[in-house]
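Participant: Take a look at the following structure, please.
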Amino acid sequence: MDSFRIQGGKRLAGTIQIEGSKNATLPLMAAALCTDGEITLRNVPCLSDITNMARLLRELGVDIEGDCGTVKMRVVDHNRVHARYDIVKTMRASICTLGPLVARRRRAVISMPGGCAFGSRPIDLHLRGMEALGAKIDLEDGDIIVTAPEGLKGTTIFLGGPSGSTVLGTANIMCAAALAKGRTIIECAACEPEVVDLAVLLNKMGARIQGAGGPRLVIDGVESLGSADHTVIPDRIVAGTYAVAAAITNGDVFLEEFPYDGMLAAIDRFNQIGVHIEMISGQDDPMHAKVRVTSERTLKPTTITTQPHPGFPTDLQAQFMTLLCLANGNSIITEKIYPERFMHVAELSRMGAKISREGPTCVVAGGTPLRGAPVMASDLRASASLVLAGLMAEGVTEVSRIYHLDRGYTKMEEQLNALGASIERVKEATHTPAGELIPVALEA
């Protein structure tokens with residue numbers, strides 16, 4: 001198991017190109033199940049979640065060429081419908097195969113999904129949507145069994161839940177409705193850029209989807225979908241993370257392929273804090289901009305409430321909490337999407353952060369320098385926040401369990417080191433049979 005050893009206090013400067021979006025790529029890959037034609041995806045990031053999704057799709061009868069960059073997919077076996085637990089448990093996005101499987105093969109057997117452990121994230125909205133389209137739902141031995149022997153039929157579906165719309169649920173129902181008979185209207189659909197990207201691909205394949213990017217989708221079902229070639233949008237969470245890295249080190253960093261138009265809520269908070277996101281190019285295509293990130297010498301506190309898009313993204317909450325440890329005053333962060341998503345708070349406190357929590361709200365008392373310490377990553381974005389803390393902390397920070405990071409950031413240490421950071425990826429010590437520790441050499 002790898003860990004990071006970070007020497008703090010290094011100012012970052014230089015240029016990074018933002019990789020393709022993980023959260024967009026996974027549903028895009030699952031959409032290959034909707035067609036017999038070849039689906040070509042470009043700008044696919046090199047991540048463990050992508051590898052796991054490819055493994056799952058191969059088990060579901062998809063021939064896949066390429067691991068990242070350019071990936072080509074084509075269905076070669078329509079008889080496989082079981083998404084097994086040992087793959088599904090590694091990532092929540094595996095549930096995205098549900099809608100395509102039922103729409104195309106009229107049956108899906110999917111284990112309850114896994115992923116980051118920061119509170120309950122039920123899939124009842126996915127199942128409610130499938131039932132509305134005419135599918136039958138059963139649960140057997142931990143597997144969700146969804147069948148539609150007569151095919152799916154269009155209807156009107158409300159997908160709102162206690163925390164707002166559901167991104168993966170919208171993706172699932174959108175794929176299913178694209179091949180259903182008649183018209184489907186999805187009310188309270190997720191508006192995230194990743195949902196828009198999936199709609200763009202499906203329309204290239206021959207689907208008839210209107211309204212993507214808004215809360216009401218109108219989908220007229222078609223008999224079949226065909227081949228398509230599609231470039232994945234840049235990852236807005238990676239972009240936000242690296243913007244925080246620049247700000248937290250008082251750096252001067254250029255970010256290329258910056259999805260400016262998908263990050264307006266985060267950019268608004270950056271402005272409030274004293275971090276400047278200057279668009280250098282991309283005014284005609286703001287999802288593929290080049291920006292310069294700089295910050296004021298004294299950062300200001302702010303108030304953040306996570307919300308469904310276009311509100312502030314929950315996936316940047318932990319990173320901004322680390323940034324606000326530098327602000328001169330008290331900041332308030334309220335988590336409305338996943339109220340238990342604060343597993344990074346205890347680890348930041350080990351480094352000297354002054355954070356108090358009451359239910360879904362944290363108060364960050366900024367202005368106290370952080371100090372390096374051994375900390376443990378608990379989920380993907382919490383891991384990123386601890387790396388960011390290590391960049392600005394005095395001394396050395398060791399972040400263990402960084403396999404979480406490898407799910408969502410392509411070689412983060414190499415990207416940050418290219419800007420001037422000092423991060424080593426190390427193998428954690430192992431034990432001899434007698435229990436004696438043996439250090440393991442650094443990776444090349």
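The values are calculated or read from the model by the stated rules, or taken from the named source; none is laboratory data. In this text, all values refer to a predicted model and were calculated from it rather than measured experimentally. Note that we place each Cβ from the backbone using ideal geometry, even for glycine, and neighbour counts take in every protein chain shown.
Participant: Just to confirm my filter: which strands (runs of 3 or more DSSP E) fall fully inside region 356-418 and include at least 2 residues that are buried (at least 18 other Cβ atoms within 10 Å of the Cβ) and in contact (Cβ under 8 Å) with a residue 60 or more places away in the chain? Please lay out each step first, then the result.
Facilitator: On the way: elements: 361-365, 374-376, 396-400.
Ranges flagged: 396-400.
Participant: Taking region 118-149 on its own, how many of its residues are of a type in the set (S, T, N, Q) and modelled with pLDDT under 95? Outline the logic, then answer.
Facilitator: Our first condition is that a residue be of a type in the set (S, T, N, Q); within region 118-149, this holds for 120, 147.
Of the ones still in play, those that are also modelled with pLDDT under 95 are 120.
Number satisfying all stated conditions: 1.
Participant: Give H288, H276 a once-over and let me know the one that is farther than 30 Å from L133 by Cβ and over 20 Å from the mean Cα position of the chain (by Cα).
Facilitator: Result of the check over H288, H276: H276.
Participant: If I ask for residues that are of a type in the set (G, A, S) and surrounded by 14 or more Cβ atoms within 10 Å (Cβ to Cβ), which ones from region 53-80 would you list?
Facilitator: Within region 53-80, the first condition is being of a type in the set (G, A, S), and the residues that meet it are 54, 61, 66, 69.
Of everything in region 53-80, those that are of a type in the set (G, A, S) and surrounded by 14 or more Cβ atoms within 10 Å (Cβ to Cβ) turn out to be A54, G61, G66.
Participant: Determine which member of the set I185, I157, I145 is surrounded by 19 or more Cβ atoms within 10 Å (Cβ to Cβ), assigned by TED's automatic domain parsing to the domain that holds I87 and part of a strand (DSSP E or B).
Facilitator: Sole residue among the options that is surrounded by 19 or more Cβ atoms within 10 Å (Cβ to Cβ), assigned by TED's automatic domain parsing to the domain that holds I87 and part of a strand (DSSP E or B): I157.
Participant: Moving on. For region 6-50, which residues satisfy the criterion of being more than 15 Å from the chain's Cα centre (by Cα), surrounded by fewer than 18 Cβ atoms within 10 Å (Cβ to Cβ) and more than 30 Å from E223 (Cα to Cα)?
Facilitator: Passing the criteria: Q7, G9, R11, A13, G14, T15, Q17.
Participant: Something else about it: Inspect all residues belonging to region 251-263 and state whether any of them is modelled with pLDDT under 95, surrounded by fewer than 24 Cβ atoms within 10 Å (Cβ to Cβ) and under 27 Å from G420 (Cα atoms).
Facilitator: No, every residue in region 251-263 fails to be modelled with pLDDT under 95, surrounded by fewer than 24 Cβ atoms within 10 Å (Cβ to Cβ) and under 27 Å from G420 (Cα atoms).
Participant: How many residues does region 278-300 contain that are modelled with pLDDT of 95 or more and within 26 Å of T368 (Cβ to Cβ)? Walk me through it before giving the result.
Facilitator: Taking region 278-300 as the starting set, the residues that turn out to be modelled with pLDDT of 95 or more are 278-296, 298-300.
Now restrict to residues that are within 26 Å of T368 (Cβ to Cβ): 293-296, 298-300.
Within region 278-300, residues that are modelled with pLDDT of 95 or more and within 26 Å of T368 (Cβ to Cβ) number 7.
Participant: Considering each residue of region 56-93, count those that are free of Cβ contacts under 8 Å to residues at least 60 places away in the same chain, within 21 Å of T410 (Cβ to Cβ) and not hydrophobic (A, V, I, L, M, F, W, C), and give that number.
Facilitator: Counting residues in region 56-93 that are free of Cβ contacts under 8 Å to residues at least 60 places away in the same chain, within 21 Å of T410 (Cβ to Cβ) and not hydrophobic (A, V, I, L, M, F, W, C) gives 7.
Participant: Quick one: how many residues across region 315-341 are without any contact (Cβ under 8 Å) to a residue 60 or more places away in the chain and buried (at least 20 other Cβ atoms within 10 Å of the Cβ)?
Facilitator: Adding up the residues that qualify gives 5.
Participant: Write out, first by first residue and then by second, each pair whose Cβ atoms fall under 6 Å of each other, whose residues are 6+ apart or on separate chains, and whose first residue, in region 194-222, is without any contact (Cβ under 8 Å) to a residue 12 or more places away in the chain while the second is in a strand (DSSP E or B).
Facilitator: Pairs that qualify, where the first residue is without any contact (Cβ under 8 Å) to a residue 12 or more places away in the chain and the partner is in a strand (DSSP E or B), are N203/I209; Q210/V218.
Participant: Being touching a helix residue (DSSP H, G or I) at 6+ places or on another chain (Cβ under 7 Å), in the same structural domain as P301 (by TED's automatic domain parsing) and of a type in the set (D, E, K, R) is the requirement here; does R357 meet it? Give the steps one after another, and end with the answer.
Facilitator: Details: touching a helix residue (DSSP H, G or I) at 6+ places or on another chain (Cβ under 7 Å): yes; in the same structural domain as P301 (by TED's automatic domain parsing): yes; of a type in the set (D, E, K, R): yes.
Yes.
Participant: Further, regarding this structure: Please verify whether region 44-53 includes one or more residues that are in contact (Cβ under 8 Å) with a residue 12 or more places away in the chain, among the β-branched types (V, I, T), in contact with a helix residue (DSSP H, G or I) (Cβ under 8 Å, 6 or more places away or on another chain) and over 25 Å from T184 (Cβ atoms).
Facilitator: yes
Participant: Could you list all residues from region 250-301 that are of a type in the set (D, E, K, R) and not in a strand (DSSP E or B)?
Facilitator: Pass one, region 250-301, residues of a type in the set (D, E, K, R): 252, 256-257, 261, 268-269, 278, 284-285, 290, 292, 296-297, 300.
Within region 250-301, D261, D268, R269, D284, D285, E296, R297, K300 meet the criteria.
Participant: Further question: When the residues of region 210-228 are filtered to those that are in contact with an Asp or Glu (Cβ under 9 Å, 6 or more places away or on another chain) and under 17 Å from A32 (Cα atoms), which remaining residue is surrounded by the most Cβ atoms within 10 Å (Cβ to Cβ)?
Facilitator: So, considering only residues that are in contact with an Asp or Glu (Cβ under 9 Å, 6 or more places away or on another chain) and under 17 Å from A32 (Cα atoms), the one surrounded by the most Cβ atoms within 10 Å (Cβ to Cβ) is L225.
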